[in-house]
Amino acid sequence: MIRFENVTFAYEKGKPVLSGVSFAIGEGETVGLIGANGAGKSTVMKLLLGLAGPGAGNKGVSGTAEGKILVDGEEVSPRNLTQIRRKLGFVLQNSDNQMFMPTVWEDMLFGLLNYGMPQQEAEQRAGQVLKELGQEKLKGLYNHKISGGEKRMAAVATVLAMDPEVLLMDEPTSALDPYNRRIIINTIRKLPCTKVITSHDLDMIYDTCGRVILLSEGRIAADGPAETILRDRDLLEANRMELPLRFQ
Amino acid sequence: MSQNIERSIRDLREMDTLASGDSPLHKVSAGVKLLVTVVYILVVVSFDKFNMSGLMFMLLYPALLFAVSGIPVSTCFYKLRFVLPLVCAVGIFNPILDRTPAFEIGSFVVTTGMISMITLLMKGVFCLMASFLLVASTRIEALCAVLRKIHVPSMLVTLLLLTFRYAAVLAEEANVMTQAYSLRAPGQKGIHYKAWGSFLGQLLLRSIDRADELYSSMLLRGYHGEFYYAQAGGGSIRDVLYAVFWCALFIAARCVNFTQLLGTSVMR
C-alpha cells in the first residue's frame, strides 16, 4: 500500500532530515511511527501526502529528495497528487488547524463536495460516518464551541467521511483527557483501513498498532512487531525514548 | 487588551451564529437578498439631498427585516460602531457651507445645509443597516457562491471567504500572545511600544504557520484553487415574490413621497 524506497530528504541542502529510509506498509496494517523530537516522523507524513518533497512540486516546502515514495503502486508526484490524496486521510495534531468551516457538518462535507460528490450523497455519507463513530451529536455543532475531545473526534470524522484507504494520524491523543483518549483509541482499533500513527504516547501505540517503525535522526532504527520493540528498554533508550508507562 | 481581542473573536463568530438563524429572512436565497440589498442601496443613494421626508419611508425595509429576522438592532449598531462616526462625518460641513434658510422652528432657523447633512446621515445609516442585515442573515459561503455565479473572479471571492475565516485565526494567535505577554508584564496596560516590532513579527510568523496548516488541510481534502461554496439556491416562487415586492416598493417610494402622502392624509 505504502512504500518508501531509500528516501533521503533535506529541507536545506546538506542537512538531511531523512537518510535512506525504506519501508513498506501493507493493506490493513496499523503501523506506529515513533521517534524522539526531530527524528523525521512528520517529514515522513509530509512526503507521503505531497506537502513536501517531490510531490509538492513548487507549491509546498519542496526541499531536495532522493528515492521513491509509492502509494498503491503510484509514485507520489505533482501529476497524480489528487488521486494519491484521495486515498489518504490525514488527521492533524491540532484539530483547530484542521477544522476551518463553521460547523462540524460543513467541515465533513467540504472534502466530499470538493471531489464532486453530489450534495445528497455527501450528506448521507457524512451522516453514516457520524453514526458509525457514535457521534451524531456533533452534527449541528459549531467548531469553536466544542471541547478538545469532541474536536478531535470531529477531525477524525471529517477525514473518515472521505473514505480513505489509508488513515494517517499525527499525535491523535495529544492534549486529550484520559476519557477522550480512550474513546480515540477504541475508535482507531475499530477502523478497518490501513493506519499510520505518529505519537509519543507509546501506550496508545501499543494499544492500537501491530507494528512499529522507530525513527532516529532520520534513519530507521528498528522496524518490527510492537510487542518486541515497545518492550525493548535498551533500544528505546538508545534512541531517546522510554518504555511505555505500563512496562516501567 | 486580551479581553478586547477575545471580544473581537466572539464578534466574528457571532456573525456566523446570526447567519445560521432560521427566520423567514434567513430562508430567502442569498442571491435574492443580495439583489434586493443592492437595489435598496441604489434607491436610497439616489434620493435628492433635501428629500428627507421621502427618504424616511425607506426605513421601513430595515425596520421590518430586523423585526422578522429576530436580529437585534442593538447588535447592528454595536458592530457598526466604528463605521458610523465616519458616516456621520460625511456631511458635517454642510451646515457651515450651506446656510440658506429652509424653515423656522420657533426662533430656530433650519438651513438647507442642516437638512442635507441629516439626509446624508440617514442615507449612510440606512445603507449600513441593509448591508448588515444581508451579512447577518446570510452565510458567507452562500454569499460567495452568489458572487461566483455572477462571475466575480474566483481569486477575489476566495480571498474574501478566507479573510473572513482567517481573521479569527489571526485574532486567536494575537490573543494567546497578549495573554503570555501580560502574564510577564504585570500592571502594564497594553504592549510596550518597544515590543511592538517583535510582537507583530511573531504574530505574523505564528499566523503564517497556522494558516499554512489550515491550507494543507484544505489541500488534502481536495481543494484545488476554487473553493467549494454552499449551494446558492434561488428561483423559488417565494424568492421571486420577495424580490419583486421589495424592488417594486423601493422604486415606487423613489417616485412617490409616501411619507408626505401619509402626513397629508392624516392632517385631512
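The values are calculated or read from the model by the stated rules, or taken from the named source; none is laboratory data. Owing to the predicted nature of the structure, the values given are computational and were not obtained by experimental measurement. Every residue, glycine as well, gets a Cβ built from its backbone with ideal geometry; the counts of neighbours run over all protein chains shown. Heads up: the accessible areas ignore ligands, DNA and RNA and are worked out on the full protein's heavy atoms, side chains in. Shrake-Rupley method; radii C 1.70, N 1.55, O 1.52, S 1.80 Å.
List of remarks:
- Comparison of A:VAL104, A:VAL129 shows that the only residue that is out of contact with any Pro (no Cβ under 6 Å at 6 or more places or on another chain), buried (at least 18 other Cβ atoms within 10 Å of the Cβ) and in contact (Cβ under 8 Å) with a residue 40 or more places away in the chain is A:VAL104.
- Some residue of region B:77-86 being at pLDDT 85 or above, surrounded by 14 or more Cβ atoms within 10 Å (Cβ to Cβ) and not hydrophobic (A, V, I, L, M, F, W, C): no
- Among (1) without any contact (Cβ under 8 Å) to a residue 24 or more places away in the chain; (2) away from chain A (no Cβ under 11 Å); (3) in a loop (DSSP other than H, G, I, E, B), the one test that B:LYS189 misses: (1)
- Any hit, region A:135-143, residues being in contact with a strand residue (DSSP E or B) (Cβ under 7 Å, 6 or more places away or on another chain), open to solvent by 70 Å² or more (accessible area, probe 1.4 Å) and at pLDDT below 90: no
- Looking only at region A:75-88, and only at residues there that are touching a residue at least 12 places away in the same chain (Cβ under 8 Å) and at the interface with chain B (Cβ under 8 Å from one of its Cβ atoms), the one that is surrounded by the fewest Cβ atoms within 10 Å (Cβ to Cβ): A:ARG86
- Residues that are surrounded by fewer than 17 Cβ atoms within 10 Å (Cβ to Cβ), part of a loop (DSSP other than H, G, I, E, B) and of a type in the set (A, V, I, L, M) within region B:192-229 are absent altogether.
- Within region B:19-35, considering residues that are within 14 Å of chain A (Cβ to nearest Cβ) and small (Gly, Ala, Ser), the one nearest to the chain's Cα centre (by Cα): B:ALA19
- Any chance B:THR163 is open to solvent by less than 20 Å² (accessible area, probe 1.4 Å), closer than 26 Å to B:PHE77 by Cβ and assigned to a helix (DSSP H, G or I): no
- Among (1) facing chain B (nearest Cβ under 8 Å); (2) touching a residue at least 60 places away in the same chain (Cβ under 8 Å); (3) open to solvent by less than 20 Å² (accessible area, probe 1.4 Å); (4) of a type outside the set (Asp, Glu), the one test that A:GLY111 misses: (2)
- Residue selection: B:ILE118 satisfies the criterion of being open to solvent by 40 Å² or more (accessible area, probe 1.4 Å), among the aliphatic types (A, V, I, L, M), in a helix (DSSP H, G or I) and in contact (Cβ under 8 Å) with a residue 40 or more places away in the chain.
- B:LEU128 open to solvent by less than 60 Å² (accessible area, probe 1.4 Å) and either part of a loop (DSSP other than H, G, I, E, B) or on the phi < 0 side of the Ramachandran plot (or both): yes
- Segments classed as helices (runs of 4 or more DSSP H), wholly inside region B:1-91, with at least 1 members that are within 30 Å of B:ASN175 (Cα to Cα) and without any contact (Cβ under 8 Å) to a residue 40 or more places away in the chain: B:2-19, B:73-79, B:84-90
- Residues in region A:144-161 that are at pLDDT below 90 and in contact with a Phe, Trp or Tyr (Cβ under 9 Å, 6 or more places away or on another chain): A:GLY149 alone.
- Restricting region B:136-160 to residues that are open to solvent by 60 Å² or more (accessible area, probe 1.4 Å) and in a helix (DSSP H, G or I) leaves a set whose member that is farthest from the other protein chains (Cβ to nearest Cβ) is B:LEU156.
- Looking across A:VAL91, A:VAL17, one residue alone is under 18 Å from A:ILE213 (Cα atoms) and either of a type in the set (A, V, I, L, M, F, W, C) or within 14 Å of another protein chain (Cβ to nearest Cβ) (or both). It is A:VAL17.
Quick grid of which residues meet (1) under 22 Å from the mean Cα position of the chain (by Cα); (2) of a type in the set (Val, Ile, Thr); (3) modelled with pLDDT of 95 or more:
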position: A:CYS209; (1), (2), (3): yes, no, yes
position: A:VAL212; (1), (2), (3): yes, yes, yes
position: A:ASP223; (1), (2), (3): yes, no, yes
position: A:PHE247; (1), (2), (3): no, no, no
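- Considering region A:191-218, the residues that are farther than 28 Å from A:ALA161 by Cβ and in contact with a Gly (Cβ under 7 Å, 6 or more places away or on another chain) include one that is surrounded by the fewest Cβ atoms within 10 Å (Cβ to Cβ), namely A:SER216.
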